[in-house]
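Just so it is clear, none of the values below were taken in a lab; they were calculated from the coordinates. What you see is a predicted model, and the numbers here were worked out from it, not measured in a lab. No Cβ is skipped: glycine too gets one built from the backbone with ideal geometry, and neighbour counts run over all protein chains shown.
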Amino acid sequence: MADRRSAREFVAELAAGFTELPAPPAGSSVVDGPIGWPGYDEARARAEERTGERESVLCGVGRIGAVEAMLIVFEFGFLGGSLGRRTGDRIEAAFTEARRRRTPVVSLIATGGSRMQEGMAALTQLHRIAGQAALTRAAGLPQVSVLRDPTTGGGWATLGAGADVTLALPGAQVGFAGARVRPPGDFSAYTAESQLASGLLDRIVDPAHLPETLGRWLTLLTGADGRPAEPPAALGATEPPATGWDAVLAARAPERPRADAYLTHYFDWCEDISGDRCGGVDDGVRCGFGSRGGVTIAYAAQRGSATRPAGFRTAARLVRLADRLGIPVLTLVDTPGAANDAAAEREGAGSAIAEVFAAIAGASVPVTSLVIGEGGSGGALAFAAPGRIWATPDSFFSVTSPEAAAAILKRGPEEVPATANRLHLRPQDLVELGIAEGIVTRTSG
């Protein structure tokens with residue numbers, strides 16, 4: 001069921017000490033708006049009387065949790081939360097003030113799209129909003145959006161989908177096409193739940209938990225100190241393997257600790273992002289931001305499966321966002337390699353892997369990597385930061401798997417263990433080769 005709380009009701013529940021920004025000057029007054037839409041002035045007057053608002057957005061500064069933020073809150077009761085010229089004036093003023101104050105921007109969106117009674121003058125407000133969001137990204141300030149019901153049209157395509165972190169309320173209608181202009185077909189695609197499954201937003205949040213969740217996110221996105229992440233302590237084996245094949249068996253052992261265990265042990269608490277923003281989610285990669293001793297560290301962790309293109313793109317998205325916000329990154333390497341089936345190739349495996357290589361190579365923040373299991377070829381190397389790689393005793397890193405190496409050399413399965421030994425893939429071999437900085441212990445980190 002649609003949540004029709006007013007903008008001021010949302011603000012009262014979310015923000016302490018909210019101070020509304022003064023409305024920008026209205027400018028020249030034209031009867032029935034810029035294109036003379038009959039009855040537009042009367043429609044605005046009725047909307048003002050019904051909602052008590054002068055426009056479809058309420059903008060101001062308040063504290064969410066411990067963090068001061070700029071809030072842009074849509075009032076759907078005012079002409080369907082539509083975007084007009086005065087809406088653009090207010091949103092531009094909010095972004096400008098956020099940059100002056102150095103505060104994050106939180107948008108709580110409920111809109112049907114651009115205001116048709118203003119024609120192209122309304123539609124081009126999307127340029128203004130996109131421009132302001134770009135300036136705010138360049139200033140290194142985080143942007144978080146909350147998708148209410150409905151979030152459609154330009155509001156979704158700018159403030160919603162363009163945010164660094166995108167949350168949504170359950171059952172919210174979310175999509176570029178509004179309900180009255182969609183072609184016949186599967187309407188389930190236009191829901192927050194569908195958008196989450198398609199990798200286009202990060203999390204669905206129960207309204208009762210929204211204040212706490214927003215507070216946690218704002219704390220994380222503003223809580224870095226710039227220092228490199230220390231590699232986590234080893235959670236599994238205590239001694240390096242004697243042979244290459246022993247290393248392979250240890251890394252593949254079912255009981256060996258995986259990424260989730262390392263993240264739980266390393267962080268006091270954390271929040272995951274989800275999806276590659278291109279239509280895909282890879283459950284074999286976990287990315288997000290965690291708090292360790294009150295300091296934020298971003299993480300991109302492989303969970304032991306073959307990494308799919310969506311996983312690489314999500315990791316690249318995480319690294320780029322962390323870099324822009326000045327948040328150091330920790331990566332956990334654990335994959336037999338990149339997925340190499342036909343579907344992965346059609347999904348752009350090569351370009352997705354290239355995105356991660358480029359994101360880590362171009363990052364100005366420090367990136368720390370720990371190999372916690374299998375390090376399978378380029379699919380694993382893409383997650384590893386040159387010059388800051390460590391390894392656990394129950395891990396290995398290899399140019400290719402022992403099985404693949406034996407097959408390339410036209411050797412039988414019985415030759416796989418000996419091939420593993422020749423590959424020099426043990427953690428101590430990585431240190432001797434200068435690939436890894438060291439082997440972590442249970443007291444490291």
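Using a Gaussian network model of the chain whose springs link C-alpha atoms within less than 10 Å, name the residue from Ser145, Ser364, Ser395 with the highest mean-square fluctuation. Residue with maximal mean-square fluctuation among Ser145, Ser364, Ser395: Ser364. Here's the picture: charge each Lys and Arg Cβ at +1 and each Asp and Glu Cβ at -1 in the chain, and of Ala382, Pro366, Ala339 the one pushed furthest to the positive end of that dipole is Pro366.
Restricted to Cα atoms, segment 84-206 shows a radius of gyration and a Dmax of 14.4, 46 angstrom. Counting only DSSP beta bridges whose two residues both lie in the chain, roughly 40 percent are antiparallel. Given 20 °C and 1.002 mPa s, compute D for segment 321-413 with the Stokes-Einstein relation, Rh being the Kirkwood radius over Cα pairs; round to the nearest whole µm²/s. Using the Kirkwood radius from Cα pairs, D works out to 149 µm²/s. Mean separation of Cα pairs under 8 Å and 6 or more residues apart, divided by the residue count, gives segment 244-439 a relative contact order of 21 percent. Taking every DSSP helix (H) stretch of at least 4 residues in the chain, weighting each as -39,500 (n - 2.57) and dividing the sum by the residue count yields a mean residue ellipticity at 222 nm of -10000 deg cm²/dmol.
Structure remark: mean-square fluctuation, Gaussian network model of the chain, C-alpha springs under 10 Å; the largest value among Phe289, Phe267, Phe312 belongs to Phe267.
Ordered by the number of other Cβ atoms lying within 10 Å of each residue's own Cβ, fewest first, Val57, Val365 fall into the sequence Val365, Val57. Say the dipole of the chain comes from +1 at the beta carbon of Lys and Arg and -1 at that of Asp and Glu; which of Ser305, Thr419, Gly17 then lies farthest toward its positive end? In the chain, that residue is Gly17. Quick one: net charge around Met120, please, counting Lys, Arg +1 and Asp, Glu -1 for every other residue with C-beta under 15 Å from its C-beta. Charge balance in the 15 Å sphere: +2. Using the Cβ of Ala138 as centre and a radius below 11 Å, the other residues enclosed give a net charge of +3, where K and R count +1 and D and E count -1.
Of Cys278, Cys270, Cys59, the sequence from fewest to most neighbouring Cβ atoms within 10 angstrom is Cys278, Cys270, Cys59. Above 25 Å lies some portion of the pair distances; for segment 7-220, what is it as a whole percent of all C-alpha pairs? Cα-Cα pairs of segment 7-220 separated by over 25 Å account for 35 percent. Of the three principal axes defined by the Cα atoms of segment 163-301, the extents in descending order read 67, 35, 25 Å. Can you give me the angle between helix 349-362 and the longest principal axis of the chain, using Cα atoms only, in degrees from 0 to 90, rounded to the nearest 10? Orientation of helix 349-362: about 90 degrees from the principal axis.
Taking K and R as +1 and D and E as -1, what net charge do the other residues with C-beta under 14 Å from the C-beta of Gly293 add up to? Cβ neighbours under 14 Å give a net charge of -1. A Förster distance of 45 Å, applied to the separation of the beta-carbon atoms of Ala343 and Ala130, puts the FRET efficiency at 0.85.
Rg and Dmax of segment 244-439, both derived from C-alpha coordinates alone, stand at 16.3, 54 Å. Neighbour counting of Cβ atoms within 10 Å sorts the residues Trp217, Trp245, Trp37, Trp269, fewest neighbours leading, into Trp269, Trp37, Trp245, Trp217.
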